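> If you scroll down you'll find the structure; I have some questions about it.
The values are calculated or read from the model by the stated rules, or taken from the named source; none is laboratory data. Keep in mind it's a predicted model, so treat the numbers as computed, not measured. Counting neighbours? That spans all protein chains shown, and the Cβs are built from the backbone with ideal geometry, glycine included. Side chains included, ligands, DNA and RNA excluded: accessible areas come from the protein's heavy atoms. Shrake-Rupley method; radii C 1.70, N 1.55, O 1.52, S 1.80 Å.
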Amino acid sequence: MRSLNLLNHPGLARQQRVFHRVWSSLAGLVVGTLLAWGWQHGLAIETQRLQHEQTRWQQAVRARQQQAQAAAREQMRLSGQAEQAGQLQKIAEHQQVWVSLHESLQQEAQDRGLSLQRLQSDAEKIELHGTVQRIDAVSEVRQSLSAQWPQPLTLTSLTAGPAGELHVVWQAPWPHAQGVWPAPPLRETGAPP
């Protein structure tokens, strides 16, 4: 006959196996839960770090974009100022040409008796209408003014007046007037000053 061993009883062995399975499952569940929580916590920390890094990079990008926009605005302002300075330089040069023209006309009026009747200028040419008393003064005035001006004068009309005076019209290309605003005003004068 078989001996009865209560420690190895089949019901007790089955109960121990069930107990072992339950505790193993519970322990596995607890360990798995702890591992999942640790992994999730690690992911949350990494996600938070990455979000912080992304925020920092976005701020850096925004700062660089703002700097680039400020630099572009500054560049536009500087180019506008340079354009204005160039325009002012052209105006100053144009004004200097007009001052030189005025001085040479006054000198001719004193030296050779030129009386300017009309001075007309547009973007392409300048035209002088005047009178002189002597025929030789016509070529002397043209040569003298052509030597002083940036462009040579050409005689376009010569007519004799009723009192013996000579009416002359000289013309010259006027490239200095191109690209300069405002254009010089039309001017009419009578006898020389």
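> List the pairs whose first member sits in region 136-149 and is without any contact (Cβ under 8 Å) to a residue 24 or more places away in the chain and over 18 Å from ILE126 (Cα atoms), whose second member is of a type in the set (Phe, Trp, Tyr) and surrounded by 14 or more Cβ atoms within 10 Å (Cβ to Cβ), and whose Cβ atoms are under 9 Å apart, counting only residues at least 6 apart or on separate chains?
none
> Right, another one. Looking at GLN110 and the list (1) among the polar types (S, T, N, Q); (2) in contact with a Ser or Thr (Cβ under 9 Å, 6 or more places away or on another chain); (3) modelled with pLDDT under 80, which single condition is not satisfied?
Status for GLN110: all satisfied but (2).
> Take the conditions within 17 Å of TRP149 (Cα to Cα) and surrounded by fewer than 16 Cβ atoms within 10 Å (Cβ to Cβ) and apply them to GLU74. Does it pass? Step through it out loud before you land on a result.
Working: within 17 Å of TRP149 (Cα to Cα): no; surrounded by fewer than 16 Cβ atoms within 10 Å (Cβ to Cβ): yes.
No, not satisfied.
> Here's a follow-up. Exactly one of these conditions fails for GLN151: (1) in a loop (DSSP other than H, G, I, E, B); (2) at pLDDT 80 or above. Give me its number.
All conditions pass for GLN151, except number (2).
> So SER144 clears everything in (1) open to solvent by 40 Å² or more (accessible area, probe 1.4 Å); (2) assigned to a helix (DSSP H, G or I); (3) polar (S, T, N, Q) except one condition, right? Which one?
So the condition that SER144 fails would be (1).
> Related question: Which ones in region 50-71 are of a type in the set (D, E, K, R) and open to solvent by less than 100 Å² (accessible area, probe 1.4 Å)? Walk me through it before giving the result.
From region 50-71, those of a type in the set (D, E, K, R) are 53, 56, 62, 64; that's our starting set.
If the condition is that a residue be of a type in the set (D, E, K, R) and open to solvent by less than 100 Å² (accessible area, probe 1.4 Å), then GLU53 is the only one that fits.
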